[in-house]
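Nothing in this text is a laboratory measurement; each read-out follows from the coordinates by a stated rule. Source: prediction; values computed, not measured. A quick note on method: Cβ atoms are made from the backbone with ideal geometry, for glycine too, and the neighbour counts reach across all protein chains shown.
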Amino acid sequence: MRVGYIRVSTTEQNEERQILALKKFEIERWFSEKKSGKNASDREQLQEMLRFVRDGDVVYVSELSRLARSTVDLYSIAAEFEKKSVQLVSVKENIDTTTATGRLLFGLLAVLAQFERELIHERQAEGIAAARAQGKSLGRPKVSYSEEKFDELYSLYQKRLITAVAMSQQLGISPATLYRILAKKKEDDIKNTMSLS
């Protein structure tokens, strides 16, 4: 059976490009999901596809990165295919594991893909270190609000005279930010109580 597997990382991305790339193979069974490719074990449709395929089936992907993003996952999937006598065809890389050349190329590309991913992580880490060295702040911007006003509203909040949403509106911050501040305050209060006892 000809089996197609397509994956996009976010709900905003569209699967159409991948479907078009595989259309010529007359896919009989599709598996599709919108999920990050970081961990193969977290992808329900991939796992279902691995359970579904059997001897003689061919799995088609538009490119290897749709199937796996790490060498470990790629080899794990390849081992599962081999155990079940399932072949793989990847359009972008022109890989067909029914041939010896295809199997060799598949192995080389898997190693190179992991190498490229590690280089990206290294560059990101270097960029973060350089930004920190220049004194640039990273992450969420610091939220500013009046601590005096917060204390006043917090007192009302504890007496249930004001809701968290109303409190966030008066402070000019989002409810999510307020909940983080309240959780931190509760944590600090517990620490202070424990240190006094």
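Can you compute 3J(HN,Hα) from phi for each residue in the range 13-28, using the Karplus curve 6.51 cos²θ - 1.76 cosθ + 1.60 with θ = phi - 60°, rounded to whole Hz and x for Gly and Pro?
Going residue by residue, I get 7, 10, 7, 3, 4, 5, 4, 4, 5, 9, 4, 5, 8, 6, 4, 9 Hz, with x marking Gly and Pro.
By the gyration tensor of its Cα atoms, with a ≥ b ≥ c the square roots of the eigenvalues, what is the shape of the range 53-100: rounded for a/c under 1.5, prolate for a/b over b/c, or oblate? Kindly include the intermediate steps, with their values, before the conclusion.
Numbers: a/c = 1.79, a/b = 1.17, b/c = 1.53.
Since a/c reaches 1.5 but b/c is at least a/b, the shape of the range 53-100 is classed as oblate.
May I ask for the angle, rounded to the nearest 10°, between helix 100-133 and the longest principal axis of the chain, with both axes built from Cα atoms and the value confined to 0 to 90°?
20
Between THR177 and SER76, what is the spin-label point distance in nm, taking each point 7 Å from the Cα along the Cα→C-beta axis?
With each label placed 7 Å out from Cα toward Cβ, I get 3.9 nm.
Return one number: the angle in degrees, 0 to 90 and rounded to the nearest 10, between the long axis of the Cα atoms of helix 147-158 and the longest principal axis of the Cα atoms of the chain.
In the chain, helix 147-158 runs at an angle near 90 degrees to the longest axis.
May I ask what percent, to the nearest 5, of DSSP beta bridges between residues of the chain are antiparallel?
Working: 2 of 15 bridges.
Close to 15 percent.
What distance in nm lies between label points placed 7 Å from Cα along the C-beta direction at ASP55 and SER36?
3.9
Once you put a point 7 Å from the Cα of ARG2 and another 7 Å from the Cα of ASN192, both along the Cβ direction, what distance in nm separates them?
6.9
Please give the contour-minus-distance gain from LEU112 to LYS23: 0.36 nm per residue of separation, less the Cα-Cα distance, rounded to one decimal in nm. Mind showing how you got there, number by number?
On the way: separation 89, 0.36 × 89 = 32.04 nm, distance 2.75 nm.
Taking 0.36 nm per residue and subtracting the Cα distance, the gain is 29.3 nm.
I need the shape label for the range 2-117. Rule: rounded when a/c is under 1.5, else prolate if a/b > b/c, else oblate, with a, b, c from the alpha carbon gyration tensor. All intermediate terms of the calculation are to be shown ahead of the outcome.
Details: a/c = 1.30, a/b = 1.10, b/c = 1.18.
Cα axes put the range 2-117 in the rounded bin.
Applying the Karplus parametrisation 6.51 cos²θ - 1.76 cosθ + 1.60 with θ = phi - 60° to the phi angles of the range 66-79, what ³J(HN,Hα) value in whole Hz is obtained for each residue in order, glycine and proline being reported as x?
6, 7, 7, 10, 9, 4, 4, 5, 4, 5, 5, 5, 4, 5
Using Cα atoms only, what is the angle between the long axis of helix 175-196 and the major principal axis of the chain, expressed in degrees (0 to 90) to the nearest 10?
With rounding to tens, the tilt is 60 degrees.
Quick check: from the Cα gyration tensor, does the range 56-169 come out rounded (a/c under 1.5), prolate or oblate?
Numbers: a/c = 5.43, a/b = 2.43, b/c = 2.24.
It is prolate, given that a/c is not under 1.5 and a/b is the larger ratio.
In this model, which of LYS23/LYS92; LYS24/LYS92; LYS159/LYS185; LYS142/LYS186; LYS38/LYS185; LYS34/LYS92 are farther than 23 Å apart at the alpha-carbon?
As for pairs spanning more than 23 Å Cα to Cα, those are LYS38/LYS185.
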